Amino acid sequence: MRPRVWIPLALVMLLSPLSAMAEVVPLDRIVAVVNDDAIMHSQLERRVVQTRDQLQANNIPMPPEQALERQVLDRMIVEQIELQMAEDANLSIDETQLNSTMRGIAENNGMSLDEFANTLEQQGQSLAEVREQVRRELLIRQVQQSRVASRVTVSDREVDRFLSQRSENSN
């Protein structure tokens, strides 16, 4: 019976140096918490790369790396809050609206949707990623518009005054 006890113990002792030599792989980490949602370091890195590429493509001077990361993270936090507001307000973007917007983006760039998808792929992005990004932006726009609309009130008198001024200016 004694040899049976030693065999597992001997195996553990032989294999333990191998585990000590194993490479430590860092996991993704949380860089910000927005209510119940987390923004991960990998998401921040992706957005920083996208922002850097956009700045370079438009010949805009590059801010220092730390400042760029901070600005991108701040924007991501605001976006996350706005997306949570959209969810709380039960706002959504239907597929028809999203498809129409995607076709419009492709046409504004002088491409068909297939050509647009190929261009995105060459730039390291997928059409699905861009569709989700556009969906998020449309939701954020809805939130912003509803917030502005709820604060703006225009009386009939103000409309009448504007129309009369406009007609006077056009004469």
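All other residues with a Cβ under 14 Å from the Cβ of Met111 taken together, and with Lys, Arg as +1 and Asp, Glu as -1, what is their net charge? Don't skip to the answer; put the middle values down first.
On the way: positive: Arg103; negative: Glu107, Asp114, Glu115, Glu121.
Taking every other residue near Met111 into account, the sum is -3.
Ratio of the stretch 89-161's C-alpha Rg to 2.2 N^0.38 Å, to two decimals? Working shown, then result.
Working: Rg = 17.2 Å, N = 73, 2.2 N^0.38 = 11.2 Å.
With N residues counted in the stretch 89-161, Rg over 2.2 N^0.38 Å equals 1.54.
Can you work out the base-10 log of I(q)/I(0) for the chain at q = 0.08, 0.09, 0.11, 0.16 1/Å, using the Debye formula on its C-alpha atoms alone?
The computed values of log10 I(q)/I(0) come out as -0.50, -0.59, -0.76, -1.13.
At 1.4 Å probe radius, can you tell me the per residue accessible area of the chain in Å²? Walk me through the numbers on the way to the answer.
Working: 13430 Å² over 171 residues.
Per-residue accessible area for the chain comes out at 79 Å².
Per-residue counts of other Cβ atoms within 10 Å, averaged by peptide: what ranking do you get for 112-123, 42-53, 152-163, highest first?
Working: 112-123: 13.3, 42-53: 15.1, 152-163: 8.9.
Packing proxy ranking, top to bottom: 42-53, 112-123, 152-163.
Counting only other residues whose beta carbon sits under 15 Å from that of Ile39, what net charge do I get with K and R as +1, D and E as -1? Show your work: numbers first, answer last.
Numbers: positive: Arg29, Arg46, Arg47, Arg70, Arg75, Arg136; negative: Asp28, Asp36, Asp37, Glu45, Glu69, Asp74, Glu79, Glu82.
So the surrounding residues net to -2.
Quick check: residue separation of Gln56 and Ile30 times 0.36 nm, minus the Cα distance between them. What number comes out in nm?
6.6 nm is the gain from fully extending Gln56 to Ile30.
Taking the stretch 73-129, how much of its Cα-Cα pair set, in percent, is spaced more than 15 angstrom apart?
On the way: 1009 of 1596 pairs.
That fraction is 63 percent.
Of the heavy-atom accessible surface of the chain (probe 1.4 angstrom), what whole percent is carbon and sulfur? Don't skip to the end; give the middle numbers.
Numbers: 7100 of 13430 Å².
Carbon and sulfur: 53 percent of the exposed surface of the chain.
So what is the relative contact order of the chain, in percent, for Cα pairs below 8 Å that sit 6 or more residues apart? Walk me through the numbers on the way to the answer.
On the way: 75 pairs, mean separation 26.3, N = 171.
This gives 15 percent for the chain.
Order 65-75, 131-141 from most to least packed using the mean count of other Cβ atoms within 10 Å.
131-141, 65-75
The values are calculated or read from the model by the stated rules, or taken from the named source; none is laboratory data. Every value quoted in this text rests on a predicted model; they were computed, and no experiment measured them. Because the Cβ atoms are built from the backbone with ideal geometry, glycine has one as well, and the counts that use them run over all protein chains shown. Note: areas computed on protein heavy atoms with side chains; ligands, DNA, RNA excluded. Shrake-Rupley method; radii C 1.70, N 1.55, O 1.52, S 1.80 Å.
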